Amino acid sequence: MKLAAEAKARLAEKEQYQKAKLAQAEAKIQYKNQKDAEKAEYQARKLEQQQAKKDMAEAQMSSAKAAKLEQEKMKEEKMKMYKEQKARAAELNKQEKELKLKKIKELKKTEAKKAKKEKSKSSKNDN
């Protein structure tokens, strides 16, 4: 009986040891799973941050492109206004020259008429 009790005690010890070993293995697995989950979470955050940086850079580039396009558009508008202004100035100069020529012609006509009148007066006076 003593032998049976010792065998039972050893068996109980063995079971206790195996239970402790199993609990230790489960704790190890839980710890590893927790570490893996933390690592995955860290990787996910890191990827999110990288994507956010990438999106920010794209937005800045897009904004810069938009600003550049706006600047080019303004430059084109200024150039168009400059050309229009130049064309108007050329037209005004042309009109001014035509007006001066017209005045000169009128002045010459007037002088010719005066000269003709004086000539006819002087020829009448001679008679």
When we measure straight from the Cα of Lys86, which lysines land under 19 angstrom away, once same-chain ones fewer than 8 places off are left out? Lys75, Lys78, Lys94, Lys97
Residue-wise, which Karplus ³J(HN,Hα) couplings in Hz belong to the range 62-74, taking 6.51 cos²θ - 1.76 cosθ + 1.60, θ = phi - 60°, and x for glycine or proline? 4, 5, 5, 5, 4, 5, 5, 4, 4, 5, 5, 4, 5
Based on the Cα coordinates of the chain, what is the per residue volume of their convex hull in Å³? 41 Å³
Sites Ala40 and Ser63, calculated FRET efficiency, Cβ-Cβ separation with R0 30 Å, nearest 0.05: 0.30
What aspartates and glutamates sit close enough to Lys28 to cross-link, taking a C-alpha to C-alpha distance under 13 Å and skipping anything fewer than 8 places away on the same chain? Asp36
Can you compute 3J(HN,Hα) from phi for each residue in the range 91-104, using the Karplus curve 6.51 cos²θ - 1.76 cosθ + 1.60 with θ = phi - 60°, rounded to whole Hz and x for Gly and Pro? 5, 5, 4, 4, 4, 4, 4, 4, 5, 4, 4, 4, 5, 4
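Only Lys, Arg, Asp and Glu count, each charged at its Cβ (+1, +1, -1, -1), so figure out the dipole size of the chain about its Cα centre, rounded to 20 debye. It would help to have the intermediate numbers written out before the result.
Numbers: 38 positive and 22 negative charges, 370 e Å.
Roughly 1780 debye, rounded to the nearest 20.
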Straight-distance crosslink candidates among lysines, where the alpha carbon sits under 30 Å from Lys2 and sequence neighbours closer than 8 are dropped: Lys14, Lys19, Lys21
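Every read-out reported here was derived from the displayed coordinates using simple, explicitly stated rules and does not represent laboratory data. Keep in mind it's a predicted model, so treat the numbers as computed, not measured. Cβ atoms come from the backbone with ideal geometry, glycine included; neighbour counts cover every protein chain shown.
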